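Below is one structure, written out as structure tokens; the observations come after it.
What follows is calculated from the coordinates using simple rules that are stated; it is not laboratory data. Model, not experiment: these values are computed from the prediction. Cβ atoms come from the backbone with ideal geometry, glycine included; neighbour counts cover every protein chain shown.
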Amino acid sequence: MTTTRTKQVPRLDEMTRSELIQYLKDTVKPEEGLIPSYIFSHPKVYELEMEKIFLKDWLFIAHKSEIPNKGDFVTRELGGQSVIVTHGADGEIRVLLNVCTHRGMKLCRMDNGNQKNFTCPYHGFNFKNTGELIGIPFQKVVYGDTMDKSTMGLKEIRHDVYADLIFATLDDDAVSLDEFLGDIKWYLDLAFNRAEMEVVGLPQKWNVDGTWKLGSDNTISDSYHTLVSHGSIAKLGLVPTGDYSKYGYQIYTGNGHGLNLGMPNPDGFAFPENLINEYKERLHEDQYDILKQMKNMIVCVSPNIMILISSMELKGQQVSHTSLRIWKPTGPDSMEISAWVLVEKDAPEEWKRLSEQANTLTFGSSGIFEQDDTENFTDITQNSKSPYHLQENIVYNYTMGMHQEPVENFVGPGIVYKDKFNEANSRAFFRNWLDQITAE
Ligand code: FES
Ligand SMILES: [Fe+2]
């Protein structure tokens, strides 16, 4: 029987590293709107991503309001490493590698809490919440005078904060957080600097059999799917019918970061009215003008953060909800989603409750929008594992909006397209991704 293979396609898992990098450069063509399917699940591509993106980029690990008091801590993951984000006894925030310096045991096994010290469950070395080693069981007996505890503190990881978002990086040579974020900060202000924001409870976490990249791709660009994938929501009357998801702007600010900004809001102002003065004080007037008209805003901070402001009617009023999530890769074809809900600290209690409810209904783990997108992400990831002889022919089309020119007169920074049905942001995201994973 003859083979169905019409053309010899190189097997990715047999390629050397430099062959793979060349193959990626040859086959991923963002500027032409051509993205091949294999990048969405191939283990060798995933290996490159881990090394060149997740061990190098600034990644979100916590919001400051999660650790408001001295002694508060949360444990999080950073590029596959467990870290403790602590509010130390000295008032400083630190990101500490959650690895005991004696023999490498995982020091803290809780998700969050308040502790002055952390005691290792293996041999009992005791560390202050500043990272300092302060106690060793039977120290005099077992070490005499030979142990210098001051050299045995927990490894501190580089971190920085913008708009109360704590980021960390495992790369000491990475550019500053300020430079990494660049112009996306102007839009992050709308989400996190418009008022003092606080996280509600703990992040929800759930697992999806889909690649993290589809989350970021959907976030940065894809308003187009809304009325089809989420069509049942329009039928229920929870969002306006018609092409509401088209109106607004698609904006790219560089370094893989971008957003879709839905405006105007036909239903009116969706934020707590008692905070209008605070919004005006904290935001530039152009930013406040956008907030006034905002229907929704979906921001991707590369590589894997989604920030969402959306609004819906609850109990007869427009209620916005603000959330942040990460698409954390757990394998070439799987991810863990962690999602935080934030509210204005000084909003009325009833409004905070409604805002959290609005988020749970729509984008919580069982939210009506969320369920639809999970199907999209899992199916696309599974379909990308096609046999090798098909892979060269399966190239996805990202050409939407290539005939359009950016607009010049928008008040905020970035490359801005009028209306949101466009794949310009995805093309830019994959260009940035490709440059990162193929960098020598
Ligand atoms: S590994 Fe932690 S005390 Fe030994
Ligand atoms: Fe969606």
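Remind me, what semi-axes does the stretch 182-437 give for its equivalent ellipsoid, largest first in whole Å, using sqrt of 5 times each Cα gyration tensor eigenvalue? Could you put the intermediate results ahead of the total?
Details: eigenvalues 170, 90, 60 Å².
The answer is 29, 21, 17 Å, longest axis first.
Hey, got the dipole for the stretch 30-76? About the Cα centre, +1 on K and R Cβ, -1 on D and E Cβ, debye to the nearest 20?
On the way: 6 positive and 8 negative charges, 63 e Å.
For this selection, approximately 300 debye.
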The exposure ranking of Val208, Val301, Val416, fewest beta-carbon neighbours within 10 Å first, is Val416, Val208, Val301
By the rule of another cysteine's Cβ lying under 4.7 Å, the cysteines of the chain that fail to get a partner are Cys108, Cys300
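Explain nothing, just the number: relative contact order of the stretch 390-440, from Cα pairs under 8 Å at least 6 residues apart, as a whole percent. Please report the intermediate quantities before stating the final value.
Values: 28 pairs, mean separation 17.5, N = 51.
Relative CO of the stretch 390-440 lands at 34 percent.
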Phi angles of the stretch 123-140, converted by Karplus (6.51 cos²θ - 1.76 cosθ + 1.60, θ = phi - 60°) into ³J(HN,Hα) in whole Hz with x for Gly and Pro, give 10, x, 4, 10, 10, 5, 6, 8, x, 5, 7, 10, x, 10, x, 6, 3, 4
Of the stretch 75-92, those with amide N under 18 Å from the point 7 Å along the Cα→Cβ vector of Asn117 are 87-90
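How big is the dipole moment of the chain about its Cα centre under a simple scheme where the beta carbon of each Lys and Arg is +1, that of each Asp and Glu is -1, and everything else is neutral? Debye, nearest 20, please. Please report the intermediate quantities before stating the final value.
On the way: 43 positive and 62 negative charges, 218 e Å.
Dipole size: approximately 1040 debye.
Tell me the relative contact order for the stretch 230-271 as a rounded percent, counting alpha carbon contacts under 8 Å between residues six or more apart. Please report the intermediate quantities before stating the final value.
Details: 28 pairs, mean separation 11.1, N = 42.
Result for the stretch 230-271 is 26 percent.
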Among Gln436, Asn260, Thr381, the residue whose Cα sits farthest towards the positive end of the charge dipole of the chain, when +1 is placed on the Cβ of each Lys and Arg and -1 on the Cβ of each Asp and Glu, is Thr381
Between the alpha carbon centres of the stretch 33-47 and the stretch 190-253 the gap in Å comes to 24 Å
Filtered hits (lysines, Cα-Cα < 17 Å from Lys418, offset >= 8 within chain) -> Lys246, Lys295
Note to self, the chain gives a 222 nm [θ] from helices alone (DSSP H runs n ≥ 4, -39500 (n - 2.57) apiece, / all residues, nearest 500) of -7500 deg cm²/dmol
Between the modelled labels at Met152 and Ile93 (7 Å from Cα along Cα→Cβ) the distance in nm is 3.1 nm
In terms of the charge dipole of the stretch 182-437, which places +1 on Lys and Arg and -1 on Asp and Glu at the beta carbon, the residue among Ala270, Ile251, Ser355 farthest towards the positive end is Ile251
With the charge dipole of the stretch 188-240 built from beta-carbon charges (+1 for Lys and Arg, -1 for Asp and Glu) about the Cα centre, the Cα from Val200, Leu190, His225 projecting farthest to the positive end belongs to His225
Here the Kirkwood hydrodynamic radius of the chain, Cα-based and in Å, equals 23.4 Å
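For Met110 and Asp173, what does the FRET efficiency come to when R0 = 25 Å and r is the distance between their Cβ atoms, rounded to the nearest 0.05?
Values: r = 32 Å, r/R0 = 1.28.
Between Met110 and Asp173 the formula returns 0.20.
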Eigenvalues of the alpha-carbon gyration tensor of the stretch 17-97, times 5 and square-rooted, give semi-axes in Å, largest first, of 39, 13, 9
Per GNM of the chain with C-alpha springs under 10 angstrom, the most fluctuating residue out of Arg17, Arg103, Arg94 is Arg103
Here, trypsin sites (Lys or Arg not before Pro) of the stretch 337-440 satisfying both criteria (DSSP loop; at most 16 other Cβ within 10 Å) are Lys345, Lys385
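All other residues with a Cβ under 15 Å from the Cβ of Asn218 taken together, and with Lys, Arg as +1 and Asp, Glu as -1, what is their net charge? Don't skip to the end; give the middle numbers.
Values: positive: Lys213, Arg325, Lys420, Arg427; negative: Asp217, Asp222, Glu370, Asp372, Asp373, Glu375, Asp379, Glu423.
In short, -4.
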Measuring from its Cα centre, the stretch 59-173 shows a charge dipole (+1 at each Lys and Arg Cβ, -1 at each Asp and Glu Cβ) which, in debye to the nearest 20, is 520 debye
The answer for GluC sites (Glu not before Pro) in the stretch 51-117 that fall in a DSSP coil and have at most 12 neighbouring Cβ atoms within 10 Å is Glu92
Computed ³J(HN,Hα) along the stretch 342-354: with the Karplus parameters 6.51/-1.76/1.60, θ = phi - 60°, integer Hz and x for glycine or proline, the list is 10, 9, 5, 4, 9, 6, x, 4, 5, 5, 4, 5, 5
